[in-house]
Each structure stands twice: as structure tokens, then as C-alpha cells.
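Here's the structure, in C-alpha cells; my notes come after.
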Amino acid sequence: MRLFSDQIGKKLKFEKTPARIVSIVPSQTELICDLGLSKQLVGVTKFCVHPKRIIQNKSKVGGTKKIDINKVKLLSPDIIIANKEENEKGQVEELENICPVWTSDIHNLNDAIHMISALGEILGAEKKSNEIIEKIESGFREYDQKRNLWRREQLKLSAAYLIWRKPYMVAGGDSFINCMMEVCGFENAFADCLRYPEKSLDELKNCDVLLLSSEPFPFQQKHIEELKKNFAELGGIKSPPKIVLVDGEIFSWYGSRIALAPSYFEALMQNFVAL
């Protein structure tokens, strides 16, 4: 009998290494595949899109907020991988009647690395999880060296990360996105807010940068033009924010995709500093 704790403090018991996995979190689904466990992955959500060649052949069990409990039950999983924020608490509790549910709770890079390590241990893929962690950590070590060059110049970029339109909603200070903004080199203008608060144009106008995410709302170039027009009509702004589109998966997915972040951040920051 092996005993593990998930990231919300729940104890899980396994008599053997889980052989049938259901993942109801897109970023953790991708991680499971990158751990070399795609054959053990028997069920995913309709929002699990990476890696496409593998996911397209897996059973779909609904959306992250609306899981089809009966479909999950029919798959006879040994473990279900969930997340505190992305999945509904009531549904997770229902799923616990089927098999153990390992729930992550991610607010920063340390949480994400712990999650990768823990799942590697539970699922018998420790060697691969360690390789992924080393790739992430070495990538950020190299990026930090470059980022420190503009830190010495006292460069500070106040930014808002927009996840929604009508109303505009931004990432608050308790989100994983906030952590990734800071790692990238931005100062979250709304770090004192919790979760994803609504913000007006008047509140956004004083930021140096607006980061428009590709998800959950799919911001496009036309939304940049819309914001520029709205700021012009608002008036009284000496220097309007610089507005850029960003890859929401890089900023908000906390699985193995994190390894892609350092190179992406370097390319993004070239819009603002000389690296």
C-alpha cells in the first residue's frame, strides 16, 4: 500500500501504480503524455488539445467545469487528475466515489514543479518527470541571467494581463499567471487583487503594457485596435499602454509546457528591452 498527499492536503492510497488515468485538466493531460503515459490515459476533457495526435483518439468526458460522471465511471480509472481552480468542487467529490482523485493547486512555479514531481512518483514515471523539471529549471536559470541585465537598469514595466472582454477581466495576484508575469519581467498592476477582477478602461490606462491573452477569450489584432480607439476617445492619456497579443497557454498552463516559456518570454521581451 502506497500513501500520497495531493496539493489540497487530501490523502490517497494505492495498492499498485495506477494503470488507467483520467485527466480533467488540459495542462496536466499534456504532462501525462510527456511523462510517457499516453497508453495509460483513458479519458480527457474536450478542452484537452495537446498533444493533438494522441488526444484525438481518447474518450472525452465533458468539459472541465461539466464532467460527465457516468462516462468517467465506464472508463474504470485507477486515478483521476484534477485541479482546485479548473474543476468544480462538487464534481470532484462525486468523482471520488469512483476512484482516488489527485487534485493540484497551482499558484507559482514551485507549485507546478511539485505537481510534476508528485505525479511522476505516483504514476511510476519519476525518471521522465525529473528530466522535465531539469529542463524547466535550466531554461529559467538561463533566462534569469538575461533578465537581470535590464533589472540593473531599473527597468520596470507595469502590466495588466487581460483574460476577458465585455467586461475586461485581468489576472490578479493570487493566480499562476501573476507568477509567470513576474518571471517574464513584468510587474502586475493588479497584484493586490484576487482571482480575476473586472477592470475599466480608466483603470487600465495607466499601465505600461496590456497583455491580451489567446485564452479563455481569444483576443486578436482587432481587439488591439478597439482598445487603442477607446483610449483615444477616453482622452487625457499622455502615453497609452503598449498592447500586445500573448500565448495564453504559455502564461497559464502549468504542466510540461512551462519548459517552452523561457524562449517565448525572451522573444516577447524583445518588444520592450534589448536582451
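A short reminder: the numbers here are calculations on the coordinates, not readings from a lab. Source: prediction; values computed, not measured. In this analysis, Cβ positions are derived from the backbone assuming ideal geometry, glycine residues included, and neighbour counts consider all displayed protein chains.
Just a few scattered comments:
- Helices in the chain that qualify as membrane-span-like (whole DSSP H runs, Cα extent of at least 15 Å along the helix axis, mean Kyte-Doolittle hydropathy of -1.0 or higher) are 109-122.
- Shape call, the range 2-105: gyration tensor on alpha carbons, a/c limit 1.5: rounded
- Its Cα gyration tensor gives the range 37-95 an equivalent ellipsoid; the semi-axes, largest first and in whole Å, are 18, 13, 10.
- Given LYS199/LYS228; LYS60/LYS89; LYS84/LYS205; LYS73/LYS135; LYS39/LYS60; LYS222/LYS242, the pairs whose alpha carbons are separated by over 25 Å: LYS84/LYS205; LYS73/LYS135
- Pairs of alpha carbons in the range 96-135 whose separation is greater than 16 Å (percent): 40
- Once the Cα-Cα distance is subtracted from the 0.36 nm per residue extended length, the LYS84 to LYS10 segment shows a gain of 25.5 nm.
- Whole-percent pair-distance distribution, where bins are 10 Å wide, for the alpha carbons of the chain: 6, 27, 32, 21, 11, 3, 0
- Relative contact order (%) - the range 1-132, alpha-carbon pairs under 8 angstrom, separation at least six: 26
- Taking other Cβ atoms within 10 Å as a rough exposure proxy, VAL44, VAL101 sort from fewest to most as VAL101, VAL44.
- FRET efficiency for GLU215 and LYS71, using Cβ-Cβ distance with R0 set to 30 Å, rounded to 0.05: 0.80
- Using C-alpha pairs under 8 Å with a sequence gap of at least 6, the mean separation divided by the residue count of the range 143-269 gives a relative contact order of 26 percent.
- One Cα centroid belongs to the range 102-144, the other to the range 1-71; the line between them spans 16 Å.
- With the gyration tensor restricted to C-alpha atoms of the range 143-269, the semi-axes of the equivalent ellipsoid amount to 23, 17, 14 Å, longest first.
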